[in-house]
Every structure is written in structure tokens, then in C-alpha cells.
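Below is one structure; the comments refer to it alone.
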Amino acid sequence: MEFSKTKLFALVSLRLVIGWHFFYEGMVKILNPAWTSKAYLLDSGGFLKEIFGWIALNDAVLWVVDAMNAWGLMLIGFSLLIGLFTNISAISGMILLFFYYLSHPALPGIEYLFPVDGSYFIVNKTIVELFALFVIFAFPTSQNIGLERFYDKAKNTRA
Amino acid sequence: MNQDNNNKKGISRRDLLAGLASLPVLGVLGYGLHLQSQDRKKFNSSRLHNLNIQIPKGIPLLVDGPQLRLGIVGSGSRGRYIMKALGFVNPARIDEWTSNASKDKYWKEYLNEFLSQKNLNVKVTAICDVFDKNAGSGLAAAANIHRNGSSGQMADIPKRFLTYPELCASPEVDAVIIATPDHLHVPIAIEAAKHGKHVYCEKPLSWTVEETFEIRKVVKDTGIIFQLGHQGRQTESYQVARSLINQDVIGKISLIEVCTNRNDPNGAWVYDIDPEANENSIDWKQFIGPAPWHDFSPERFFRWRCWWDYSTGLSGDLFTHEYDALNQILDLGIPHSAAASGGIYFYKDGRTVPDVLNMAFEYPKRDLTLLYSATLSSEKNRGKTIMGHDAWMELDETLTVYPDRSSTRYRKEIEQGFLEPGKPFYSYVPGQDKVDAITTPTEKYFAGRGLLYTYRDGKTVDTTHLHLREWLNCIRLNNGAQPSCNIDQAFEEAITAHMGTISYHENRRTFWDEVNEKII
């Protein structure tokens, strides 16, 4: 896709900061063997509260969810950072963020133990990041800045 | 802008730069992760991991043996709660719970918890209550051995005894559960023990000092299995607290603060008066028992906790819960002295027991003070706090330990910034298989707020059920095994509470003469 310099800079920056966020969150969890989403899940609100609570209290399920979450975050972040398979990463990231949102929706009347860093109604930072990933998906830049450039190049060369 | 490049074959220098442009970011992130892991390493090498903490391992099994036949003396609200913990509930109540459960998730869980409660292999063969309505309700619950609603199958209604001596003498009864007002605990317990019946008695043990000695002697002489109804003995966090303190996690303890904070009529013992209560439906003379005579008074009958004539006040009724928890954790025993003060400051409803009470118990041999502070007209939550030189411990269903800024033991960790004064560094939530050493801000936050879950093996378990089970297990084992709140623990509980009460009444400090076993 062709972009002006400013647009490309804006889109690549957005991709990198989200990648940065995902990758670091994922790695911190992977590197800490004691990390678990248990408390976060137990603190869930909204209409799926019970399902998240069930996950939290089932050790085997929790183990799978924790592993998928940590490795998912890391791989999505890594992909966005290096610029490879970013379309699938962006979609996966949106799905992951949607689950976070379902667990802690910003709806009036729901209070969480963990404090909220602002005032939100329906839209919170999770939703903002989710839609930012949608932009990454709609305007892919990894063929411009990223490893996909070589992949693309190789394809063109073959053709 | 890269259209030109794409049209050319091969990878240009420009392609290389553009393709790898973002990789330096990984270096920065790598550095960030390195810093993070350094912190973690420091933590892993710290002394917090070298503890051997004893975590309760699930629910003890039920000991096999013949079905035990129980007699219940006092089937009022507490008596019926105990019956529920044994597996017997009035079918009308089950109907009510079922109807609620269809609309409300809380009630659904409540009902399911009761229905899935382990069968203790007991039956209630005798009920004694001086109020006809309570007796009837207890009998209906006792007959409901299949935990059915009123349309379900019931067993035969057990026998109602009009007086407790008759119940205690009955050959149909192996063990007696006492859930009466305080002034009747010991007379009934002595009667039961003299007939060789095992006893589960609600707290506090006794109403007077003299009878405390009597019941201890009778229980020891007869060799019955006695359990006092402090179900807090089954609270996991107390067992964990004991383990942590034994390993010197909080340092030398100088002060313990325990409290009662209630602020509603029910909590202040102003219970509803049943419209069916009258001189015909209540055996008033038997209710009075050893208490000074008073003409029939439904108010005194239902709100007996408000009068010294039948009650032991805040000290016997509520402080004993706190005391027994600490006696379990620290083996406190009877204090050297007690000083109490307080008054009737809010509920000026004719009661004689104070609604605000403060008591200080001194333990010079242990170099510590146990402080109790209670009000029935404020719910400002003040939990149980055990204060050590190195850390303090807050206790509830959950347990949280906070390092002290001036700790000697943790000085290095605090200097390194690894421990933050005032931020929790250990937490325990019931049902977990470990005590968490807390590191991340999220963990600290959740621990500080105390996630209140009473899970054991992933399920909520009624501590009264566990406490009864322990008593029944000791009866069935019949090998000298004693329940956790046995007569010695009960004796310490009662004497401590009496020392506080006497101090309040006589407006002086009371002392325990250890050698002559006397309150002076």
C-alpha cells in the first residue's frame, strides 16, 4: 500500500507502540512463573462474569488460558514489531482485547477491585487499542517497514 | 513511495533498512525485560521464599462408625443453624430456598451448598426447647433426613423432651448439642456429661466463674468428648497465621488488637419478638433456670443477650470469638490481668449489658497486650491485627502481612526497595494451596484489598459443619483424640471473658492467680 511519508510514519508508529505494549506484557508474564490471571478473572464484571470466574477456579482451564494469553500477547507483539504476518496479528490482538473488555466492561454500575485510571462509559482504553489494531489491519504497513517487505520482494522476484 | 523499489528485482539497501527498521525496538524492550528480571531475581533470592508454611490440606475425612444419635437442647435460630450444618433443615425452609433459588443465583448456590454438604452419618433423635414453636420447627427439621421440600419424603418425627434432664437421660441419645442462652450452658452440659453423653456446647462456655470450674471437672472426670462451638477453629487463615508466626515472620509481638464493629439492631441483639410467644407457648420457669426470677417477658426471652441475667455481654458473646482465634494462633492462655470499661451509650432500651466495651488484657510473660474494642453502633471495620516489630498481620478469612518501616529483620529488603513499608508482602486467600509472596503492584493491590473467598477444595464450606465433624470424628475414634476447642481451651476462653466482665462490673483491674486458679 502506498502512503505519504507522514501517513506511513503515523501508521508504523502506531503499529510499533501497540507491538511494544503487547510484547512487553506477554514477556513479563512468560518470564514470571508465578504470574496468573486468576485475580483479574475473579474480579470480572458484566454478563460473562461467571464464565471468567469459572475459568479462574479451574486450575487446568486457567493454566491453558494463562499460557494462551501470555504467549498470544508476546507473539502478537513480536509480529507487529518486526512487521511479519501483521494482518493476522492485528485480528488476533483485537479478539484478545475483546475478551479483556468482556471481562471488565466499562459499564455503569459495575465496580472493580482494581481501580480504573479514568472515567469511562462503554469506551475505555482497551476499546481504543482494539480499534487502533483495526486501523493497523486496514492500513497494513509491514510491506513498507517490516520483514514482510522481504517476503513481498521474494514473491515479486519469483514472479 | 516504495513503488519504485517493488518494481525493481532484488533487495536494495533501501529495502534492507526499511525491512529491519523496527528491530532496534526489540533491543530496548530486551533491556526493559532484563531490568524486570533483575528485580525478580533479587526477589527470588530473598528470605521470603525460605518458609515452610503449613497450609490446611482440604477437608478431613469423616471417621467411619455407627450412626450417632443426637439430642438438641435449644432449637432456636442458632440451634437450627447447627442442625443445618448437620444436614437437617425444616422442609418449609427448603421450599423457601428452592423458590428463591429459581430467581436468584445467590440462593441457588446457597441451596446447592447445603444439598451437597457431606452426610455426617448422624440422626437427631431428641429435641428440647422451652418455646413450642422452636421445638416444632426443630422436630420438622430433624425428620427431614433426605433434605426434601415439604412434598418430599420424611422420616419419623423424633421425640420432643419438655426438660433437658429428661433428654440427657434418654437412652436414645448418644451426644448432646447445646444452643441455649448462656446461663443454661453449664447446667445442661453437666447433666449431659453425668449421663455419659458427649457435648457440643455453643460459646461461651459458662455464665459464672464457679460453674467454669465445675464443668471442667465433670468433663475430665467423665471423659466425654467436649467441643466448644468456636467454629473459627476451622478457619484456614488462622492456621496459616500460626505457621507464619511460628517462623518469626512478623518478629516480636507486643500488641494485638481485636474488635467488634456492628451497627444494626440485629447485631445489637434486638431480635424480633415472635407473635406466637406467650406464657402458654413458653416454659418460662425453665427458661429462667439459675437466673434471678423475673416475670414473663417476651422481650427478655428473645433478646436475652441484652441482660446479664442470661447473657455474658460483649465479653462472653463476641470477644470470645476473637480471643479463641488468637488463643488458637498464639497459645495465649489466661491473661495475667484484665481492665475493662465501657457503657450503654447507644441502645438505651432497658438493657443491662454495655453496647460499648473496651478491654485490655496483659500477658507480661509474653510481653504483650491483647486489646479488645467493641461498639454495637458503628460498622467502621477494624479487623484483627497482630503487631510485631518486623511486620503486622491483618487477619480475617484472608490473611495479609505488611512489613514495618523500622523492622530490623527486613531492613536490607526495605533499603533495597524490594519491600515497601505499608504494602503487603504475604497474602493468603482460603482455598489456595500456597501463601503468596507478593511482588507485582497488581498483586499488592489485590492483597491489600483482600479478596474475600472462602473456598476450600474450590467450594465454600461452612466452618460450623467442619467444627461439628471434628467433634463427631473424635467421638467415633474413641482413642483419646480431642477436638480443637476442648474443655481446656474452653476453660481459658471462659475465664478470660469473666475477668473482663468482672473488671467492668467492679470498675477495677482483675488478676489471674495462676497457682491457686482464682480470679482476684
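Quick note: the coordinates plus some simple rules give every number you see, no bench work behind them. Note that the structure is predicted; figures quoted are calculated from it, not measured. Here the Cβ positions follow ideal geometry from the backbone for every residue, glycine too, while neighbour counts run over all protein chains shown.
Between B:Ile11 and B:His505, how many nm apart are label points set 7 Å from Cα along the C-beta direction?
In this crude label model, B:Ile11 to B:His505 measures out at 9.4 nm.
May I ask you to order B:360-370, B:480-490, B:178-188 by the average number of other C-beta atoms within 10 Å around their residues, highest value first?
B:178-188, B:480-490, B:360-370
By per-residue mean of other Cβ atoms within 10 Å, what is the highest-first order of A:69-82, B:503-516?
Values: A:69-82: 21.9, B:503-516: 14.0.
So the order, starting with the most tightly packed, is A:69-82, B:503-516.
Which of the peptides B:231-238, A:111-118, B:279-286, B:329-336 is most tightly packed, and how do the rest follow, judged by the mean count of other Cβ atoms within 10 Å per residue?
The densest-packed peptide leads the list: B:231-238, B:329-336, B:279-286, A:111-118.
Summarise the partner chain shielding of A:71-83 as one whole number: the mean count of Cβ atoms from other chains within 10 Å of each residue's Cβ.
Other-chain Cβ atoms within 10 Å of each residue's Cβ, averaged: 2.
Per the Kirkwood treatment, what hydrodynamic radius in Å, one decimal, follows for the range B:87-186 from the mean inverse distance over all distinct Cα pairs?
By the Kirkwood definition, the hydrodynamic radius is 14.8 Å.
Placing unit charges on C-beta atoms (Lys and Arg positive, Asp and Glu negative, everything else neutral), compute the dipole magnitude of the protein assembly as shown about its Cα centre in debye, rounded to 20.
Computed charge dipole of the protein assembly as shown: roughly 3120 debye.
Report the Cα centroid-to-centroid distance between the range B:71-94 and the range A:78-116 in angstrom, as an integer.
50
Sort all Cα-Cα distances of chain B into consecutive 20 angstrom bins from zero, then give the percent of pairs in each bin up to the one containing the longest distance.
The percentages, shortest bin first, are 19, 48, 21, 6, 4, 0.
Given Cα positions, please report Rg to Rh for the range B:10-129, the hydrodynamic radius being the Kirkwood one. The partial results should precede the final answer.
On the way: Rg = 31.5 Å, Rh = 21.6 Å.
So for the range B:10-129, dividing Rg by the Kirkwood Rh gives 1.46.
With θ taken as phi - 60° and the coefficients 6.51, -1.76 and 1.60, list the Karplus ³J(HN,Hα) couplings across the range A:113-121 in order, rounded to whole Hz; mark glycine and proline as x.
With coefficients 6.51, -1.76 and 1.60, one gets 5, 6, x, 9, 8, x, 10, 10, 10 Hz.
Please list, or write none, the lysines whose alpha carbon is within less than 24 Å of the alpha carbon of B:Lys84, excluding same-chain residues fewer than 8 places away.
B:Lys103, B:Lys105, B:Lys108, B:Lys118, B:Lys123, B:Lys133, B:Lys159, B:Lys197, B:Lys203, B:Lys459
Which whole number gives the average count of other chain Cβ atoms within 10 Å of the Cβ atoms across peptide A:139-150?
That works out to 4 on average.
Taking the Cα centre of the range A:69-159 as origin and charging only Cβ (+1 Lys, Arg; -1 Asp, Glu), how large is the dipole, in debye to the nearest 20?
I would put it at about 480 debye.
Can you tell me the FRET efficiency between B:Ala92 and B:Ile273 if r is taken as the Cβ-Cβ distance and R0 is 22 Å, rounded to the nearest 0.05?
So the FRET efficiency works out to roughly 0.60.
Spin-label point model (7 Å from Cα, Cβ direction): what's the B:Asn100 to B:Ser297 distance in nm?
Inter-label distance under the simple model: 3.2 nm.
Estimate the FRET efficiency between A:Val135 and B:Lys118 by the formula 1/(1 + (r/R0)^6), using the beta-carbon distance for r and 56 Å for R0, to the nearest 0.05.
According to the calculation, E is roughly 0.50.
Would you please calculate the Kirkwood hydrodynamic radius of the range B:220-312 over all C-alpha pairs and express it in Å, rounded to one decimal?
Kirkwood hydrodynamic radius for the range B:220-312: 17.9 Å.
If I take R0 = 60 Å and measure r between the Cβ atoms of B:Lys380 and B:Val28 in this structure, what FRET efficiency does the formula 1/(1 + (r/R0)^6) give, to the nearest 0.05? Please report the intermediate quantities before stating the final value.
Numbers: r = 48 Å, r/R0 = 0.81.
The formula returns an efficiency of 0.80 here.
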